[in-house]
Amino acid sequence: MVRLNEIRRNEVAVEVPTPDHAGLVFIGMIRTPWTSRLDCPRMGRSDGPVCRIEIHEPWVAALDGIEAYGRLEVLYWLHQSRRDLVRQSPADDGVTRGTFALRTPVRPNPIGTSIATLVSREGAALLVRGLDCLDGTPLLDLKPDRSLFTPIAPAQPGDFQTG
Ligand code: SAM
């Protein structure tokens, strides 16, 4: 059930400590068709609508080489989320679970991740499918999908093998 910042039966909120100042910078903005959480998909789909990831300067140069990857891991800041719940009731039925056992947008650091399909690049923008965030959601990072990525540095003992 979509949440619009209410606290539901049996949910537990805490006082949020002073931020630790990780110094995050928003590197761009995501343009999607969704302006309300009531319409936004719960999880992105590979056959979902084409969305636009706009990269801001000075980060456009960091896109170099990205077209080689058909799938990207997209990390974004779910900026409209409350951040103080430790137990949540996704179905709003009084049954709660811990925040870290859920993919809820309501988390102490509201970072969302999606695996997106790269459709094309238009200069400083990427057109992708597979997102599930509101129009205007700030972008935190982009990475090649780990299953497509071959590390450029030589392999080391203990490296995780992706097969
Ligand atoms: N795929 C991501 C993940 O698993 O980390 C996000 C999943 S979260 C369940 C997606 C939901 O977050 C959407 O359905 C919408 O209700 C909510 N949402 C999307 N963009 C948001 C934003 N900018 N601020 C707050 N909530 C947002």
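Whenever a residue of the range 14-29 is more than 9 Å from residue 139 (Cα to Cα), its partners that are outside any loop (DSSP other than H, G, I, E, B), lying with C-beta atoms within less than 6 angstrom and at least six residues away or across chains, give the pairs 14/86.
Residue by residue through the range 14-44, note down the ones that are aliphatic (A, V, I, L, M) and open to solvent by less than 50 Å² (accessible area, probe 1.4 Å).
27, 30
The values are calculated or read from the model by the stated rules, or taken from the named source; none is laboratory data. As the structure is a computational prediction, the values presented were derived from the model and not from experiment. Glycine gets a Cβ as well: all are built from the backbone with ideal geometry, and neighbour counts include every protein chain shown. With ligands, DNA and RNA removed, areas are computed over all heavy atoms of the protein, side chains included. Shrake-Rupley method; radii C 1.70, N 1.55, O 1.52, S 1.80 Å.
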